[in-house]
Amino acid sequence: MTRPTTIGILSPLVSGHYFGSLIRGVHAAARERGAGALAIQTRDGWALHSEFGRPVERVSSLAWDQVDGWVVTVEAVSPEYLRALRRSGKPLVTISAPIPELDCPTVLPDNRQGAMDAVRHLLDHGHRRIAFVGYLGQSDIRERYAGYQAALAERGIAPDPALLFPADDNEDAGGRAAGQLLLAAGVPCTAVVAATDMNAIAVMDVLQSAGLRVPQDIAVVGFDDIDAAQYAVPALTTVRQRFDSLGHAAGALVLDALTGAQVAPGPHYVPCTFLTRRSCGCAPCAPAVSLPVHSFAPAAEWQDRLAEELVRIALHPAQPAPGMAVARLWPGVARIIAALQSALQGEMGPSERDVAYAWDEAVQLNPDFRALRAVVARLRDAGSERLPADPAARDRLEAFVEASLSEVVQARLRAETARSTYYEAVVQQNHEVSQALLETRARGARGLAWLDKTSTTHGCLGLWHGTGAGQPAELEVVGVFSRNGGPAPERGERYAAQQFPPSALLAESAGNEAQILMLFPVWNAHRDWGVLALVGPIETALSSGRGARSQWTALLSSALEREELMRSLEEQQSSLREAYERERMLADTVRELGSPVIPLLPQMLLIPLVGTIDTGRAMQLMDAVLHGVSQHRATEVLLDITGVPLVDTQVANSLIEVTRAATLLGARVTLVGVRPEIAQSMVSLGISLTGITTRPTLSVALEMLLRRRA
């Protein structure tokens, strides 16, 4: 099957607010030009290390023949792997990971400028002791720290090393630890610039829990503008960067290179925007509604000009990319303007459902309520400018404005409800998948039927095959999933690592703007099992990149390991059963050899016993004596116990039982080998030999029997 032009995305994780948004941006750039995208999660295995004794180059070539150009996010792979990608000759663009020796384009948020804007703003508020909180192990954060230092220096303030409070990571935990360090140092500052919003919100929580007021006692500024920033208490002043814009720019550069355009190596910066809220001491304010209009394209009608202005207000303070069409940024804005026009004219306008969808799109564009309220204010002004002579037009306009404000609130509530519902659905979905994977046999897990409980539309599981010394690494398809029955690889097909995933999955994902093909390594500490390929929506709702699919692959690897353990146990049980049968047969043979029935004379049998006599052998002896007496019609049985090393109570009782059983069949039993000391021992054990003939040796017993017969 012919595959589309495909951008490969290497990322530590393929979901979450950061990595998921980056991937969504790359995917959007690809779809705009009719290309496809393939996201590969690298944190869990094969692209970074030589695992399980297999040389790294045998697995690091995964999907190389299926990808035309690469986008690599920060810390996705090792420098050696990046050099190998560069040597492949395919276009390579990195995100937030400038590596000069590669001489390739790197897309970066303008971290330095964004941090400088934040520090300048605090300086304008009169702050001079400004601390920095951040994880300097990441290049983005180091650039933000450099911007912090530069902004202080340009105002003649020497950066104080005592005001650097390192965070262990970019998340909540790192911010909390840094906040505790601030408290331990006596809070030697009046303002804090945190390298990420997660750090900043955690620092605010720690400081406020200690009794400090934000911003009255200490101002706090973050970086990123995640959704939680505007809901923090107080709302967080921050530097907005659009992660999807970073991904979009990287994807566009790869596609430009594929079409033969000259793409300059080195940094390609995506602007960041400083955004004031309460945490820095600024009073809340709405975006200005009187914005300069720089048309995306010549606009002949007032509706077109208003649409452009409304999009700019909705995006404020960010600006749309040059040449970006309004219809792509906010397709529903035309319906909002049509509803305004209908209200002014007193005519039937777009349906309530269509208008609600349009406001939902606005919330997706920018959830900040101030920006949305400013959009409504601009609609009122635009309506006032075009009021018809109809006396009732003003009332209709005000009703439209009130309805629009209500729609904005409802759209925000729908977005929050959808987020809450999404989290609940994720929990329920993960529970169902966990139950399916943990309760079924692993071969059921391999079959991928459990994917029916998820949002996945297509998928396949490839397990490594032929990975011994000197053998090429291949992935054998052992499970296939297709929700709509579309083209899918066949089970049993094998693919070289560089030709996986199958082209059928690439074709399926390329035709859907909302879904992407993703590859997840399936492995655990004991074994690298293979790769799970899934076509599904990109997860961005969770702040952590550890989305549901990472959990599925972890459970899948556990199910596969359980299957392997069960197979090993079954093999061991089979071996034990075979060993037991061999032992039993050997024991039976030994017992038979140890209790042979030897006809000495007509109607006279000799049964010499050798070795110990346990319960099983006593039963065998009983069977041998009775069978021999019946077969040979014996009247005399010589039971020779000379070779029995120990005659205890159990052995003696067994011999007496055999003697009495033979007597019932008409045979007389003589115990041979019962020397006087053995007889005395048996008597001392309370065993009665009354009625039982005993002889010390076989020769004595034969002599007595022959004499009696004579």
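The values are calculated or read from the model by the stated rules, or taken from the named source; none is laboratory data. Being a predicted model, the structure only gives us computed values, none of them experimental. FYI the Cβ positions are ideal-geometry reconstructions off the backbone, even for glycines, and counts take in every protein chain you see. These accessible areas exclude ligands, DNA and RNA; they are computed on the full protein's heavy atoms, side chains included. Shrake-Rupley method; radii C 1.70, N 1.55, O 1.52, S 1.80 Å.
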On C-alpha positions alone, give me the angle between the axis of helix 352-365 and the longest principal axis of the chain, in degrees, nearest 10. 80 degrees
Honestly the range 662-710 on the Cα gyration tensor test (a ≥ b ≥ c root eigenvalues; a/c under 1.5 rounded, otherwise a/b vs b/c for prolate or oblate) is just oblate
Which of the peptides 169-177, 124-132 is most tightly packed, and how do the rest follow, going by the mean number of other Cβ atoms within 10 Å of each residue? 169-177, 124-132
For Glu385 and Ser342, what does the FRET efficiency come to when R0 = 25 Å and r is the distance between their Cβ atoms, rounded to the nearest 0.05? 0.90
About its Cα centre, how strong a charge dipole does the range 314-429 have in debye, to the nearest 20, once Lys and Arg get +1 and Asp and Glu get -1 at the Cβ? 280 debye
Binned at 5 Å from 0, what are the whole-percent values of the Cα-Cα distance distribution for the range 146-204, short to long? 4, 19, 28, 23, 17, 8, 1
Run the numbers for Ser88 and Gln650: contour at 0.36 nm per residue of separation, minus the present Cα-Cα distance, in nm. 194.1 nm
For the range 77-211, with every protein chain kept in place, what is the accessible area per residue (1.4 Å probe, Å²)? 39 Å²
Between Glu416 and Glu439, Cβ-based FRET efficiency (R0 41 Å, step 0.05) works out to 0.75
Going by the alpha-carbon gyration tensor, a ≥ b ≥ c the square roots of its eigenvalues, is the range 117-246 rounded (a/c under 1.5) or, if a/c is not under 1.5, prolate (a/b greater than b/c) versus oblate? rounded
Ratio Rg/Rh [Cα only; Rh per Kirkwood] for the chain: 1.32
With angles folded into 0 to 90 degrees, how steeply does helix 615-632 sit against the dominant principal axis of the chain? Use alpha carbons for both and round to 10. 40 degrees
Roughly speaking, what is the stretch gain from Glu32 to Ala153, that is 0.36 nm per residue apart minus the C-alpha to C-alpha distance, in nm to one decimal? 39.2 nm
How much accessible area per residue does the range 595-664 have, in Å², with a 1.4 Å probe? 48 Å²
What number does the range 194-234 give for Rg over Rh if you use C-alpha atoms and the Kirkwood radius? 0.94
Inter-part distance where the range 120-142 and the range 159-229 are each reduced to a Cα centre, Å: 10 Å
With labels modelled as points extended 7 Å from the Cα through the Cβ direction, what inter-label distance (nm, one decimal) is found for Leu136 paired with Arg491? 5.7 nm
Among rounded, prolate and oblate, which fits the range 622-709 when a ≥ b ≥ c are the square roots of the eigenvalues of its C-alpha gyration tensor, a/c under 1.5 means rounded, and a/b larger than b/c means prolate? oblate
Which value, in Å², gives the accessible area per residue of the range 665-710 when a 1.4 Å probe is used on the protein heavy atoms? 59 Å²
Helix 393-439 versus the longest principal axis of the chain: what is the Cα-based angle in degrees, 0 to 90, to the nearest 10? 20 degrees
In whole angstrom, note down how far apart the Cα centers of the range 476-530 and the range 603-680 are. 73 Å
Contour minus end-to-end for Leu565 and Arg660, with contour as 0.36 nm per residue of separation and end-to-end as the Cα-Cα distance? 28.8 nm
Quick check: pseudo-label points 7 Å beyond the Cα along Cα→Cβ at Arg394 and Ser684, how many nm apart are they? 13.0 nm
Just name one of Gly34, Phe481, Gly530: the one whose Cα is farthest towards the positive end of the charge dipole of the chain (beta-carbon charges, Lys/Arg +1, Asp/Glu -1). Gly530
Residue-averaged 222 nm ellipticity for the chain, from DSSP H runs of 4+ at -39500 (n - 2.57), nearest 500: -15000 deg cm²/dmol
Accessible area of the chain belonging to carbon and sulfur atoms, whole % at 1.4 Å probe: 54 percent
Projected label distance in nm at Ala146 and Met585, using a 7 Å step from Cα toward the beta-carbon: 7.8 nm
At most 15 other Cβ atoms within 10 Å and a DSSP loop assignment: could you name the GluC sites (Glu not before Pro) in the range 404-452 that fit? none
